[in-house]
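To start, the structure under review is shown below, and the notes come after it.
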Amino acid sequence: SAVISQKPSRDICQRGTSLTIQCQVDSQVTMMFWYRQQPGQSLTLIATANQGSEATYESGFVIDKFPISRPNLTFSTLTVSNMSPEDSSIYLCSAGTLNTEAFFGQGTRLTVV
Amino acid sequence: AQSVTQLDSHVSVSEGTPVLLRCNYSSSYSPSLFWYVQHPNKGLQLLLKYTSAATLVKGINGFEAEFKKSETSFHLTKPSAHMSDAAEYFCVVSEVVGFQKLVFGTGTRLLVSP
């Protein structure tokens, strides 16, 4: 199994600012993903973090708003840019290899005021 | 595209009675299906997964699910509910081979009363 650590675990941010969330995996993984869980809602995939290249974004999500980096096989960051109250959500990192289950971090609870 | 529909947003049971959480899926090919559980203020935990082997899948904590292709269903069951089972449950389908890119259902909140 893989253990995934996310930082910060929670934050309260002012509108118009940006927050970078870090995701660290304790072993090398093939795939890393970022999800959003809005209050009372299910999880929605934001993007696939690709090592050494641009992330692959799902419909409705764009790089300017959610820039993602993945410099190596165990680390990724998600930035939530120019935040508004609508960005208040839990952001989750997921990782795994091709034939394992997807492991999830504890999530980052973001509140934008 | 793959999708899952969880038929109940809330399910209430008494401790010691059976649990049934319903899920239907839509897939253009043989899917990989999962149930995840999310306890309050905790991360997601995999309960069980179906990957085209046995249609009856046993998971952790006494949960099991049966893949029924003819009904496109993957319902989650447990013979006897425990208070600690109270949580949010997500039925999930994998959009690609390899179990990683996941499409989540809307979730079912399980309430267990004494």
- [ ] For region B:85-93, state whether one or more residues are more than 15 Å from B:R109 (Cβ to Cβ) and open to solvent by 60 Å² or more (accessible area, probe 1.4 Å).
- [x] no
Open item on the list: If I filter region B:15-28 for residues that are free of Cβ contacts under 8 Å to residues at least 40 places away in the same chain and within 14 Å of chain A (Cβ to nearest Cβ), do I get at least one hit?
Closed with: no
Task: Only listed residue being touching a Cys at 6+ places or on another chain (Cβ under 6 Å), open to solvent by 20 Å² or more (accessible area, probe 1.4 Å) and within 14 Å of chain B (Cβ to nearest Cβ), chosen from A:Q6, A:Q41 - done: A:Q6
- [ ] Report yes if some residue within region B:48-55 is within 14 Å of chain A (Cβ to nearest Cβ) and more than 30 Å from A:Y57 (Cα to Cα); otherwise report no.
- [x] yes
TODO: Give me the pairs, please: first residue somewhere in region B:73-95 and farther than 15 Å from B:N61 by Cα and more than 14 Å from chain A (Cβ to nearest Cβ), second residue anywhere and part of a loop (DSSP other than H, G, I, E, B) and of a type outside the set (V, I, T), beta-carbon distance under 8 Å, and either six or more positions apart or on two chains.
DONE: B:S73/B:R22; B:H75/B:R22
- [ ] Kindly indicate whether A:I21 is within 14 Å of chain B (Cβ to nearest Cβ) and modelled with pLDDT of 95 or more.
- [x] no
Task: Residue selected from region B:14-46 under the condition at pLDDT 95 or above and open to solvent by 20 Å² or more (accessible area, probe 1.4 Å), by the criterion farthest from B:G59 (Cα to Cα) - done: B:S14
Open item on the list: Looking at (1) open to solvent by 70 Å² or more (accessible area, probe 1.4 Å); (2) modelled with pLDDT under 95, which one does B:R109 not meet, given that it meets all the others?
Closed with: (2)
Open item on the list: Within region B:66-83, take every residue that is modelled with pLDDT under 95 and surrounded by fewer than 15 Cβ atoms within 10 Å (Cβ to Cβ) and give me the one that is farthest from B:P40 (Cα to Cα).
Closed with: B:S70
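The values are calculated or read from the model by the stated rules, or taken from the named source; none is laboratory data. Model, not experiment: these values are computed from the prediction. A quick note on method: Cβ atoms are made from the backbone with ideal geometry, for glycine too, and the neighbour counts reach across all protein chains shown. What goes into the accessible areas is simple: the full protein's heavy atoms, side chains included, and nothing from ligands, DNA or RNA. Shrake-Rupley method; radii C 1.70, N 1.55, O 1.52, S 1.80 Å.
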